[in-house]
1. Applying the Karplus parametrisation 6.51 cos²θ - 1.76 cosθ + 1.60 with θ = phi - 60° to the phi angles of the range 340-356, what ³J(HN,Hα) value in whole Hz is obtained for each residue in order, glycine and proline being reported as x?
2. Note the full-extension length gain between ARG246 and LYS344 as 0.36 nm times their separation in residues minus their Cα-Cα distance, in nm to one decimal.
3. In debye to the nearest 20, how big a dipole does the range 20-213 give about its Cα centre with +1 on each Lys and Arg Cβ and -1 on each Asp and Glu Cβ?
4. Label points 7 Å out from Cα along the Cβ direction at ASP210 and VAL401: separation in nm?
5. For the chain, what is the relative contact order in percent, using Cα pairs closer than 8 Å and at least 6 residues apart in sequence?
6. Out of the DSSP beta bridges found with both residues in the range 20-213, what percent are antiparallel (nearest 5)?
7. Dipole magnitude of the chain about its Cα centre, charges +1 at Lys/Arg Cβ and -1 at Asp/Glu Cβ only, in debye to the nearest 20?
8. Using semi-axes √(5λ) of the Cα gyration tensor in Å as the read-out, say which of (1) 30, 26, 24; (2) 37, 22, 19; (3) 35, 32, 19 was calculated from these coordinates.
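Where a number appears in this text, it was derived from the coordinates with a stated rule and is not lab data. Since this is a predicted model, take the numbers as computed values, not measurements. Cβ coordinates were reconstructed from backbone atoms using ideal geometry, including for glycine residues, and neighbour counts include every protein chain displayed.
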Amino acid sequence: MDVRITPAKLSGSVRIPGSKSAAHRAIIAASLAKGTSLLTNVTMSKDIEATMGAMTALGAQFTVEGDTVRVTGSGGKAAGKCTIDCNESGSTLRFIIPIAAALGAEAEFLGKGRLPERPIDIYKRELSRHGISFTSSEMPYRISGRLTGGTYEIEGNVSSQFITGLLFALPLVPEDSTIRMTSHLESRPYVDMTIQTLRRAGITVHETEDSFTISGGQNYSPYDIQVEGDYSQAAFFCTANALGCRISVEGLDPDSVQGDKRILRIIEGMSAGSFNEDCSDIPDLVPIMAVLAAFGRDRSVIYNAQRLRIKESDRLAAVSDMLGRLGGDVTVTEDGLIICPTGKMTGGQVDSFGDHRIVMAAAIAAVGCSGDVVIRGAQAVEKSYPDFFKDYIHLGGKVNVIDME
């Protein structure tokens, strides 16, 4: 699907979808519990459907009514032979591999898009030391064996998703375990979300500055929860306000541990005309931060964002290409971006690169452009925010579909 956006200021109120990160975690914890959990404010998307499909393959059952998901968990029972389709969801792949291993599943993992390119070398190394055999080096990955406890040594500068996956899995094994960080843990707020979810499900994790200790033989308990609003999605409309729109952004928890809540501080700091931000903890904010910077008054710098090269797209290159085609001035560095405002965002035609966050960032950039913005492959929003354009139009956005795939 290709869309043409005619610049228009947005106004009104929008209720932000439930956090995708929180929903992934709630679904997994509920699926491992013995009993029934009720999850509300779950925004269905391709990624969430992938995680639900994965947990179904591992023994959970789901009933979906609107944004309410009733989960009948497996109780952490051993799993047999199964195939798990992760679609394009890196979270699903990296969260579920060690869980399937802990349940003793003989599992095959499928994926598409750029997912086969996203590394899982840490799991191949560490899980192989703890009872798991990888019978394929490339996707589709196949594992067999049963995970054991012990000490896991994990680099913190690749992805916090590896830590989250192990934190979910290791309570299920009989032995006690320690996850020891061998370098600074980036994206720490995502691990904080995981531990918050585990505690709600009755799982105990002990933290130190550079390690996590998990007692073996724990049982997940069912629980009911309303998934909080997603700050990473809210960031797009909050940035639109910084570009002259008047949107009331609803459904957010001011006490959230989501790292992407930092967008509020970044926008507030733009009163100085620019920013210089370490994005190691907030990689998902980079596309919309770059849009914000393009409409600033002075040079802004984004750094420690090198992991964005292995997301749904090479996000550093994709953001640079997108803003450049709209009249911006962006330089890609080794680990980030330098954005110099041009004062003349003209509009133009951009490629989504199959990346939901590039689509949404381009749509918000359109509100400040002097001409139309055409986005190729805009259906990529289905990965995380299927109703994005519906909400955008509700706020007064002028969007026309010009091509269907």
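1. These are the phi-based 3J(HN,Hα) values: 10, x, 9, x, 8, 6, 9, x, x, 10, 10, 9, 6, 6, x, 10, 4 Hz.
2. Gain on extension, ARG246 to LYS344, equals 33.1 nm.
3. The dipole of the range 20-213 has a size of about 420 debye.
4. Output for this residue pair reads 5.4 nm.
5. The normalised contact order for the chain reaches 21 percent.
6. 65 percent
7. 360 debye
8. Of the listed options (1) 30, 26, 24; (2) 37, 22, 19; (3) 35, 32, 19, (2) comes from this structure.
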